[in-house]
Amino acid sequence: MPQHQSAVKRVRQNEKRRVRNQAKRSKMKTLIKKALESTDKEEAEKLFKETSSLLDKLAAKDLIHENFAARKKSKIANHVNSL
């Protein structure tokens, strides 16, 4: 257990951030899966726009690596273009 007040606060902050980051990662994975499984071109384009926006935001906040975001956007774009 933390002994200092600042350490207690740090534990609280880390828990809040962990939960928040977990929710964002979960949303990211769900959107990627939906985009790659879509068969309708219009729906896929809409999902691509939403997913790429989210990936850019998460990469900007260092929640995911920039290359990971680029790789996923490329994969989804190739899927959309193949429809």
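Structure above, values below:
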read-out: Test: residue in the stretch 66-77 that is over 29 Å from ARG18 (Cα atoms), in contact (Cβ under 8 Å) with a residue 24 or more places away in the chain and touching a Leu at 6+ places or on another chain (Cβ under 9 Å); value: no
read-out: Residue in the stretch 2-9 that is among the β-branched types (Val, Ile, Thr), exposed (fewer than 14 other Cβ atoms within 10 Å of the Cβ) and closer than 24 Å to ASN81 by Cα present; value: no
read-out: Filter result for LEU47 (of a type in the set (A, V, I, L, M) and either closer than 15 Å to SER82 by Cβ or modelled with pLDDT under 95 (or both)); value: yes
read-out: Meets criteria (under 10 Å from the mean Cα position of the chain (by Cα) and not β-branched (Val, Ile, Thr)) for LYS29; value: yes
read-out: LYS9 being within 19 Å of SER74 (Cα to Cα) and at pLDDT 95 or above; value: no
read-out: Long-range neighbours under 7 Å by Cβ, at least six apart or interchain, first residue free of Cβ contacts under 8 Å to residues at least 24 places away in the same chain within the stretch 1-13, second assigned to a helix (DSSP H, G or I); value: PRO2/VAL8; PRO2/VAL11
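The values are calculated or read from the model by the stated rules, or taken from the named source; none is laboratory data. Worth saying up front: this structure is predicted, and the values here are computed from it rather than measured. Ideal geometry is used to build each Cβ from the backbone, glycine not excepted, and the neighbour counts take in all protein chains shown.
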